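The values are calculated or read from the model by the stated rules, or taken from the named source; none is laboratory data. Just so it is clear, the structure is predicted and the values come from calculations on it, not from any experiment. Note that each Cβ is placed from the backbone with ideal geometry, even for glycine, and that neighbours are counted across all protein chains shown.
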Amino acid sequence: MVEANISVFEAALRGRCPRCGKGPVFDGLLTVRPRCPVCGLDLSAHDAGDGPAVFVIFILGAVIVGLAFWVEFTFSPPLWVHAILWPIVTIPAAIALMRPIKAALIALQYRHRASEMGL
């Protein structure tokens, strides 16, 4: 099978197979398919583990804390505003970031053949 010229960035943003660039990586919100439905790549061998969650925590945590400080020092809202505002912002942002980061780590594993080395 001829490999497609799909970049890791494109595979991550589109959530597509790192080999063919056509088949979806996800079967649901964050569940990785066992195989690519188009080219048959074994996606179960490429396990992202906790890596995507760690990246999301570090990236989103820094952004949300910075925004919370900015809102606090600029507007001085009551505490209940923070308690309502930040979960509403954080949860959808975490889900939105998790899919491309997880797809990127799977694509990077494929590119560097981590599953073939027994890693």
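Scanning the range 1-32 for residues that are basic (Lys, Arg) and either buried (at least 16 other Cβ atoms within 10 Å of the Cβ) or closer than 20 Å to Ala93 by Cβ (or both) turns up Arg14, Arg16, Arg19.
Restricting the search to the range 33-49, which residues are crowded, with 18+ Cβ neighbours inside 10 Å and modelled with pLDDT of 90 or more?
Cys36, Leu41, Leu43
Take the conditions (1) part of a loop (DSSP other than H, G, I, E, B); (2) among the small types (Gly, Ala, Ser); (3) surrounded by 15 or more Cβ atoms within 10 Å (Cβ to Cβ); Ala103 misses just one of them, which is (1).
Give the residue, chosen from Val71, Val65, that is surrounded by 15 or more Cβ atoms within 10 Å (Cβ to Cβ), outside any loop (DSSP other than H, G, I, E, B), free of Cβ contacts under 8 Å to residues at least 24 places away in the same chain and not aromatic (Phe, Trp, Tyr).
Details: Val65 fails: surrounded by 15 or more Cβ atoms within 10 Å (Cβ to Cβ).
One residue alone meets the criteria, Val71.
Selection of the range 34-49 for residues being within 14 Å of Gly15 (Cα to Cα) and part of a helix (DSSP H, G or I) yields only Leu43. Screening the candidates Leu108, Leu60 for the property of being more than 26 Å from Gly23 (Cα to Cα), in contact (Cβ under 8 Å) with a residue 24 or more places away in the chain and in a helix (DSSP H, G or I) yields one hit, Leu60.
Can you give me the number of residues within the range 23-44 that are among the charged types (D, E, K, R) and either within 15 Å of Met98 (Cα to Cα) or in contact with a Lys or Arg (Cβ under 9 Å, 6 or more places away or on another chain) (or both)?
Summing the residues that are among the charged types (D, E, K, R) and either within 15 Å of Met98 (Cα to Cα) or in contact with a Lys or Arg (Cβ under 9 Å, 6 or more places away or on another chain) (or both) in the range 23-44 gives 2.
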